[in-house]
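S.K.: Here it is, the structure, as structure tokens.
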Amino acid sequence: MSEFKRGEELDTYLLQVVQALHLTVNHGITRLNDAKEADRALEDCDHILAVILAGQVSDWLS
Amino acid sequence: MFKDKVEAKDFEKMDPEYQDLVRKVLTIQSDCEIGGPHLYVESMLPTAPTRLDQLIVARTATEEIDHFRKFARIAGDIGLDVSFLLSMPNQKRYVETFRGAIQTWEDFAVFGCLIDRIGRYQLEEFIGCSYRPIEPLLADIIQEELGHIDYGETQTRELAARGGESKEKVQQAINRWYIKALDMFGHSDSRNSERYVYWGLKRRSNKQAREAYIKEVNPLIESMGLRVPDPLQGRHYL
């Protein structure tokens with residue numbers, strides 16, 4: 001059976017990204033009373049999501 | 001009617017039609033998962049009404065990316081590379097619903113209420129599916145989609161309950177997304193739809209699934225004091 005060669009690498013990369021995003025969102029939600037901390041979490045989410053939605057897979061896996 | 005269960009290792013032994021349908025369904029499902037974040041992250045992450053709403057937008061996108069990852073993984077196991085979907089322009093998405101952009105909070109709310117609900121329908125079609133690698137993914141993904149639907153429904157209801165301009169904006173969003181939602185089920189007389197059922201990849205025809213959806217959402221829309229749009233106006237797939 002022919003497997004997509006970089007499928008496992010992509011899976012590992014995206015799983016790490018998803019875990020980082022969940023940690024960042026949860027951090028922001030638990031710091032909602034601290035506007036500065038919540039905003040920092042949002043900035044981090046914005047940055048990570050922008051990278052993923054740009055979809056430059058070859059850059060991620062190089 | 002095909003009743004067996006097919007493992008990834010046996011995929012290439014299957015009838016070419018079965019292989020084509022599995023490849024197609026994995027590609028379209030992956031496209032739908034990643035298509036959502038492409039519609040709303042850029043516009044809604046900075047503009048959602050509160051910080052909590054902004055973080056929920058981020059969490060929703062995160063979960064959809066994870067759903068994409070899971071389907072991309074099982075696609076990769078049969079040699080199907082769907083990574084191009086990550087960077088595909090919205091205008092080229094397989095499903096018309098994902099070809100635009102969400103610009104208002106009302107649209108984001110209604111998208112969750114109506115379109116993520118279609119996501120749930122699509123996923124529920126795979127319960128008991130003949131292609132075995134799909135089944136283990138379903139419980140967690142459906143659970144997360146239920147969270148998106150609940151959030152969208154709550155937001156939609158609250159925005160409608162404010163009345164006046166807010167309610168009118170929600171109605172306009174319902175008018176836009178309801179028609180797209182009905183089209184997402186595809187043609188009622190689709191040959192592919194019949195073949196998916198024949199091969200045990202889906203449980204219901206397009207027509208049956210759409211009818212069930214209408215039965216569920218029409219009373220929901222009315223319960224919010226909103227009007228159900230004409231189900232035929234502006235439709236592409238009847």
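S.K.: Kindly provide the helix-only [θ] at 222 nm of chain B, computed as the sum of -39,500 (n - 2.57) over DSSP H runs of four or more divided by all residues, to the nearest 500 deg cm²/dmol?
M.R.: Mean residue ellipticity, 222 nm, calculated: -20500 deg cm²/dmol.
S.K.: Let me ask something else. Calculate, axis by axis, the spread of Cα positions in the range B:1-78 along the three principal axes, and write the results as whole Å, longest axis first.
M.R.: Rounded to whole Å, the extents work out to 52, 22, 16 Å.
S.K.: For B:Ser188 and B:Phe2, calculate 0.36 nm times their separation in residues minus their Cα-Cα distance, and state this gained length in nm to one decimal.
M.R.: Gain in length upon complete extension: 64.8 nm.
S.K.: Which ordering of B:Cys32, B:Cys129, B:Cys113 is given by a fewest-first count of other beta-carbon atoms within 10 Å?
M.R.: B:Cys129, B:Cys32, B:Cys113
S.K.: Sorted from fewest to most neighbouring beta carbons within 10 Å, what does the list B:Lys13, B:Lys3 look like?
M.R.: Arranged by neighbour count, lowest to highest, B:Lys13, B:Lys3 become B:Lys3, B:Lys13.
S.K.: Just the Kirkwood number for the protein assembly as shown, please: inverse of mean 1/r across all distinct Cα pairs, in Å, one decimal.
M.R.: Every distinct Cα pair counted, the radius reaches 20.0 Å.
S.K.: Spin-label point model (7 Å from Cα, Cβ direction): what's the A:Lys36 to A:Lys5 distance in nm?
M.R.: Computed distance between label sites A:Lys36 and A:Lys5 equals 5.0 nm.
S.K.: So if we plug the beta-carbon distance of A:Glu43 and B:Glu135 into 1/(1 + (r/R0)^6) with R0 = 22 Å, what FRET efficiency do we get, rounded to 0.05?
M.R.: So the FRET efficiency works out to roughly 0.05.
S.K.: Any idea how far apart B:Gln172 and A:Gln16 come out in nm if each label point goes 7 Å out from Cα toward Cβ?
M.R.: Taking the simple label geometry, B:Gln172 and A:Gln16 are separated by 4.4 nm.
S.K.: Then there is this: Between A:Val51 and B:Gln208, what is the label-point separation in nm under the 7 Å Cα-to-beta-carbon projection?
M.R.: With each label point 7 Å from Cα toward Cβ, the separation is 4.5 nm.
S.K.: I'd like the distance between the alpha-carbon centres of the range B:214-238 and the range B:124-171, rounded to an integer number of Å.
M.R.: Between the Cα centres of the range B:214-238 and the range B:124-171 lies a distance of 16 Å.
S.K.: Throw me the Rg/Rh for chain B, computed over C-alpha atoms with Kirkwood Rh, two decimals.
M.R.: For chain B, the value is 0.97.
S.K.: Normalise the Cα radius of gyration of the range B:114-238 by 2.2 N^0.38 Å (N = residues in it) and let me know the number.
M.R.: Output field value: 1.15.
S.K.: Run through every distinct alpha carbon pair of the range B:188-238 and return the Kirkwood hydrodynamic radius in angstroms, one decimal place.
M.R.: 12.6
S.K.: With springs connecting C-alpha atoms under 10 Å apart, model chain B as a Gaussian network and identify which of B:Thr156, B:Thr50, B:Thr104 has the largest mean-square fluctuation.
M.R.: For chain B, modelled as a Gaussian network with Cα springs under 10 Å, the answer is B:Thr50.
S.K.: While we're looking at this one, here's another question. Counting other beta carbons within 10 Å of each residue's own, what order do B:Val82, A:Val18, B:Val41 fall into, fewest first?
M.R.: Fewest-to-most ranking of B:Val82, A:Val18, B:Val41: A:Val18, B:Val41, B:Val82.
S.K.: For the range A:2-52, go through all pairs of different Cα atoms, get the mean of 1/r, take its inverse, and jot down that Kirkwood value in Å.
M.R.: Mean inverse Cα-Cα distance, inverted, gives 12.1 Å.
No value in this document is a laboratory result; all are computed from the given coordinates. It should be emphasised that the depicted structure is a prediction, and the values quoted were computed from it without experimental measurement. Virtual Cβ from ideal backbone geometry, glycine too; neighbours counted across all protein chains shown.
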